[in-house]
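Undergrad: One structure, pasted below without further comment.
The values are calculated or read from the model by the stated rules, or taken from the named source; none is laboratory data. The structure presented is a predicted model; accordingly, all values stated were derived computationally and were not measured. All Cβ positions, glycine included, derive from the backbone under ideal geometry; neighbour counts span all protein chains shown. Note: areas computed on protein heavy atoms with side chains; ligands, DNA, RNA excluded. Shrake-Rupley method; radii C 1.70, N 1.55, O 1.52, S 1.80 Å.
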Amino acid sequence: MEISNQIIEKHGLKIDEYENIKKLLKREPNLLELGIFSAMWNEHCSYKSSRIHLKKLPTKGKHVIQGPGENAGVIDIGDDDAIVFKIESHNHPSYIEPYQGAATGVGGILRDVFTMGARPIALLNSIHFGAPDHPKTKSLLNGVVSGIGGYGNCIGIPTVAGETKFNETYNENILVNAMAVGHAKKNKIFYSKAKGVNKSVVYVGSKTGRDGIHGASMASAEFDENSEEKKPTVQVGDPFTEKLLMEACLELMRDNSIISIQDMGAAGLTSSSVEMASKGSLGIELELDKVPCREENMTPYEMMLSESQERMLIILEDGKEKAAKKIFDKWDLDFVVIGKTVNTNNLTLKFHNKVVGEIPIDALATKAPIYDRKWIRKKTKKEKIDLKKLRKITIEESLVKILSSPNHSNKSWVTNQYDQMVMCDTAQKSGSDAAIIRVHNKDKAIAVSVDSSANYCKSHPITGGKLIVCENWRNLITVGAKPIAITNCLNFGNPENEEVMGEFAECLEGIKEACEFLNYPVVSGNVSFYNGTNKKNIYPTPVIGGVGLINNFLKPINHILKKENSSLFLIGKTFGHLEQSCFLKENYQIFDGMPPEVNLLNEKNNGETLLKLIKNNLVLSSHDVSNGGLIVTLSEMAVLSEYGVKIKKPKILTNLFNYFFGEDQARYVVEIEKKNTSKAEKIMKDNDIYFENIGYTQKEIFEIEGELKISIKDLFKINNEWYNKY
């Protein structure tokens with residue numbers, strides 16, 4: 001078959017890339033080989049537009065066992081315990097087919113974790129939808145939430161934390177980012193690097209079908225008006241089979257049978273075989289007649305590019321095949337030796353006793369294109385908003401407007417669809433700053449959280465990148481965890497657009513700076529480009545997933561007020577920054593201006609001081625101050641409690657709106673029992689941090705002196721009605 005320009009374009013390749021392929025092969029590729037290059041050279045698999053920027057991120061630290069480059073990152077939490085975690089996107093499939101797109105996103109990220117030898121212990125997600133009144137939003141929301149819950153609940157992994165946001169920037173391109181966290185023993189981590197020649201290459205799991213073909217390529221292209229036609233490229237998941245596959249793999253991992261193991265994720269059998277061979281500087285020879293297929297007359301092209309779910313590729317030690325097959329037979333899964341490692345450094349594909357494809361491994365991996373794309377820096381407007389020119393509104397009206405808005409309403413409609421307590425180690429579930437998972441049968445725990453802020457990143461990408469890392473860091477601090485490391489999912493528009501590429505480059509500058517200062521390395525992640533439709537790109541939306549450690553775990557710390565007549569302290573200084581605030585967005589539809597500044601020294605000092613307060617058992621509850629400012633933070637602390645607050649008017653800022661709704665960073669609200677206030681104040685003074693005693697807790701009433709008085713029951717009703725109506 002002659003390869004035309006139209007066929008090249010249909011495979012997501014540029015003409016100059018095709019010319020490069022011919023040079024590497026020293027001949028024309030056949031259609032199978034073209035499909036394989038298409039899979040390995042697309043943005044989703046090759047990171048060709050992002051790699052030069054990703055190299056700048058800090059990836060090492062004293063707790064880091066494995067950084068980026070493997071299926072997932074690994075950190076050391078002591079006592080020979082390791083935590084394995086990663087976040088990935090499934091944006092395009094979830095927009096086309098929300099249930100299966102979200103479900104297979106969860107399935108894929110779980111395989112990334114248990115292929116490393118870890119038993120998954122928690123799932124998280126970050127999901128972004130268009131405007132609530134957009135005609136597609138409601139069905140997409142229902143489908144995605146059902147898909148996440150359906151897969152996680154069936155496989156028996158708790159979904160413990162996440163975020164759900166609405167913004168018209170996602171009207172035609174929603175975001176579905178799934179994160180998985182697993183627990184392993186430090187000396188039993190498994191990697192994907194192939195070793196040795198003539199070792200058996202084994203296919204395990206489900207049979208191969210025609211679902212998901214060119215799924216990775218679809219994820220590396222913008223949507224257009226024909227996106228509905230791409231439904232056949234969405235994978236179909238089966239959580240019950242995934243559960244069997246997970247147990248079979250973990251059972252096989254108990255001995256020393258496995259040399260390397262790789263999930264068949266994006267680009268399926270192609271990417272798994274190429275990645276294993278590339279890392280081991282070996283070749284792989286596959287006999288495609290032996291691939292277990294669930295559909296008749298599948299071609300080599302379809303087998304190599306299928307993204308059917310619940311499949312793994314394993315390279316075994318000599319003589320271990322029989323015992324391994326016995327395990328997979330017990331779990332009623334396919335186990336077939338489909339090839340072997342070879343010393344040719346080629347991917348050799350045989351079908352009906354003929355070589356149907358032969359490609360040098362390095363042509364698919366290390367020689368894939370790397371682009372240093374042109375980009376431009378964001379031009380910023382630093383104009384301040386003059387509150388005096390805006391229509392008059394009361395503090396109570398402003399608060400009600402925010403708490404009843406889609407982005408700040410109670411999200412229990414979402415989280416109630418997820419099983420959060422299965423496995424019985426969830427010590428704190430969704431709704432707090434971070435979820436807490438006990439390390440099984442140990443007196444320690446991990447805290448996990450995901451965060452994003454597209455508006456901050458759109459207005460000033462460098463500051464936005466810093467802000468998300470700091471927000472995530474604070475969320476772990478508030479529950480008493482020492483932040484250890486992060487994973488990131490970088491959701492952006494078309495990288496061929498200089499403005500979009502600038503947003504990406506600058507956001508990474510901010511992420512890098514914050515991670516370095518806070519000793520918070522990046523150990524895994526994913527880049528999702530081409531999030532847009534008909535040349536309209538989404539806002540830059542990097543999502544940060546963080547993991548922290550709680551040693552000597554006794555009881556969870558959360559943000560719910562605990563006692564009457566406790567003292568309330570505000571840690572961190574308030575300057576009253578309102579640009580990009582929820583106050584201006586929800587009350588005046590003003591979206592202009594710079595995000596709040598980030599002082600990393602204050603972030604670190606204030607956070608580490610709060611950890612000292614928690615360690616000394618002085619904190620009843622704590623909550624970081626972020627979207628909505630101080631008043632929304634206090635409302636969230638009160639709304640699920642039987643206690644309200646009585647807050648004094650500030651002496652430092654004359655404008656109450658700046659004080660109560662400003663979104664200045666590095667701040668926390670802390671509840672401390674009256675008898676412990678002098679001890680707490682001493683620790684804060686000794687650590688040279690700014691703090692204020694802003695008031696105290698009281699029964700049932702939320703009050704700001706002379707400005708606002710509302711019952712907690714009414715506050716709860718206001719906060720819960722939007723989702724119920726929607």
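Undergrad: So, SER281, is that one under 25 Å from PRO93 (Cα atoms), hydroxyl-bearing (Ser, Thr, Tyr) and touching a residue at least 24 places away in the same chain (Cβ under 8 Å) or not?
TA: In short, no.
Undergrad: Okay, next question. Given the conditions (1) open to solvent by 10 Å² or more (accessible area, probe 1.4 Å); (2) closer than 23 Å to ILE83 by Cβ; (3) outside any helix (DSSP H, G or I), report the number of the one that PHE517 does not fulfil.
TA: Only one criterion is unmet by PHE517, namely (3).
Undergrad: Of the residues VAL645, VAL670, VAL619, which single one is assigned to a loop (DSSP other than H, G, I, E, B), surrounded by 23 or more Cβ atoms within 10 Å (Cβ to Cβ) and touching a residue at least 12 places away in the same chain (Cβ under 8 Å)?
TA: VAL619
Undergrad: Now for a separate question. Take THR169 and tell me if it is in a helix (DSSP H, G or I), open to solvent by 10 Å² or more (accessible area, probe 1.4 Å) and touching a Phe, Trp or Tyr at 6+ places or on another chain (Cβ under 9 Å).
TA: For THR169, the condition - in a helix (DSSP H, G or I), open to solvent by 10 Å² or more (accessible area, probe 1.4 Å) and touching a Phe, Trp or Tyr at 6+ places or on another chain (Cβ under 9 Å) - is met.
Undergrad: Turning to a different aspect of this structure: Considering only residues that are open to solvent by 10 Å² or more (accessible area, probe 1.4 Å) and among the hydroxyl-bearing types (Ser, Thr, Tyr), which ones fall in the stretch 123-150?
TA: Across the stretch 123-150, the qualifying residues are SER139, SER146.
Undergrad: List the helices (runs of 4 or more DSSP H) that sit entirely inside the stretch 236-312 and contain at least 1 residues that are under 23 Å from the mean Cα position of the chain (by Cα) and surrounded by fewer than 20 Cβ atoms within 10 Å (Cβ to Cβ).
TA: Ranges flagged: 239-252.
Undergrad: Can you tell me which condition LYS679 does not meet? The list is (1) part of a loop (DSSP other than H, G, I, E, B); (2) in contact with a strand residue (DSSP E or B) (Cβ under 9 Å, 6 or more places away or on another chain); (3) open to solvent by 20 Å² or more (accessible area, probe 1.4 Å); (4) not aliphatic (A, V, I, L, M), and all the others hold.
TA: (1)
Undergrad: Quick one: in the stretch 520-560, which of the residues that are farther than 21 Å from ASN475 by Cβ and part of a loop (DSSP other than H, G, I, E, B) is most open to solvent (accessible area, probe 1.4 Å)?
TA: Restricting to residues being farther than 21 Å from ASN475 by Cβ and part of a loop (DSSP other than H, G, I, E, B), the top hit is LYS535.
Undergrad: Search the stretch 42-62 for residues being in a loop (DSSP other than H, G, I, E, B), open to solvent by 10 Å² or more (accessible area, probe 1.4 Å) and out of contact with any Leu (no Cβ under 9 Å at 6 or more places or on another chain), and hand back the single one that is nearest to TYR371 (Cα to Cα).
TA: Checking each candidate, the answer is LYS48.
Undergrad: Of these, ILE65, ILE87, which one is among the aliphatic types (A, V, I, L, M), open to solvent by 10 Å² or more (accessible area, probe 1.4 Å) and in a strand (DSSP E or B)?
TA: ILE65
Undergrad: OK, next. Which one is nearest to TYR456 (Cα to Cα) among residues in the stretch 510-545 that are of a type in the set (Phe, Trp, Tyr) and touching a Ser or Thr at 6+ places or on another chain (Cβ under 7 Å)?
TA: So, considering only residues that are of a type in the set (Phe, Trp, Tyr) and touching a Ser or Thr at 6+ places or on another chain (Cβ under 7 Å), the one nearest to TYR456 (Cα to Cα) is TYR539.
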